[in-house]
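The values are calculated or read from the model by the stated rules, or taken from the named source; none is laboratory data. The model shown is predicted, which means the values in this text are computed figures rather than measured ones. Positions of Cβ are backbone-derived with ideal geometry, glycine not excepted, and every protein chain shown enters the neighbour counts. Please note that ligands, DNA and RNA were not included when accessible areas were found on the heavy atoms of the full protein model with its side chains. Shrake-Rupley method; radii C 1.70, N 1.55, O 1.52, S 1.80 Å.
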Amino acid sequence: MRFVWILFGFTALGVGVLGIFLPLVPTVPLVLLAAFCFAKSSERLHKWLTGHKTFGPMISDWNESGAIRPNAKKMATVSIAIVFGISLILGLPTKVLVIQAVTLTCVLVFIWSRPSS
């Protein structure tokens, strides 16, 4: 089972790193998931991730107060706006745009309702 947790951890971390460059791929939640998986499987990997200069602070912020850093909130908002704009430009059906708008609005409400670190 330990191998499965490590595999899930690295998968979540890898996709999370891709989220830095790809809109709508959520970096912070995937890094948090990786930390959880590593905590279940490998103390060494968990310490490495929580001590990482880029990912460690976001894990600490979340663990201590459920906080998301203001820059992460801004980047998420910009990414969401870009993706929705692309959907409008592509002329997606109204039903799809409504579903997308409702879902993305809920995501933004969650993100901006979290405390800032």
Please name whichever of Asn71, Gly51, Ala39 sits farthest to the positive end of the charge dipole of region 32-93, dipole taken about the Cα centre and charges placed at Cβ: Lys and Arg +1, Asp and Glu -1. Gly51
Using a 1.4 Å probe and ignoring any ligands, DNA or RNA, find the accessible area of Glu43 and quote it in Å² to the nearest 10. 130 Å²
Suppose every Lys and Arg Cβ carries +1 and every Asp and Glu Cβ carries -1, with no other charges. What dipole size does the chain come out with about its Cα centre, to the nearest 20 debye? 100 debye
Between Phe10 and Val109, what FRET efficiency follows from the Cβ-Cβ distance if R0 is 35 Å, with the result rounded to 0.05? 0.65
How much of the accessible area of the chain, probe 1.4 Å, is carbon plus sulfur, in whole percent? 72 percent
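Taking a probe of 1.4 Å, how large is the accessible area per residue of the chain, in Å²? Intermediate values should be presented prior to the final figure.
Details: 7480 Å² over 117 residues.
Heavy-atom accessible area per residue stands at 64 Å².
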Region 18-64 - Debye-derived log10 I(q)/I(0), Cα point model, q = 0.16, 0.27, 0.31, 0.32 Å⁻¹: -0.41, -0.99, -1.14, -1.17
Computed [θ] at 222 nm, helices only, for the chain once each DSSP H run of length n ≥ 4 contributes -39500 (n - 2.57): -26000 deg cm²/dmol
In square nanometres, what is the average projected area of the Cα convex hull of the chain? 7.9 nm²
Contact order normalised by length for the chain, with contacts defined as Cα pairs under 8 Å and 6 or more residues apart; what percent is it? 23 percent
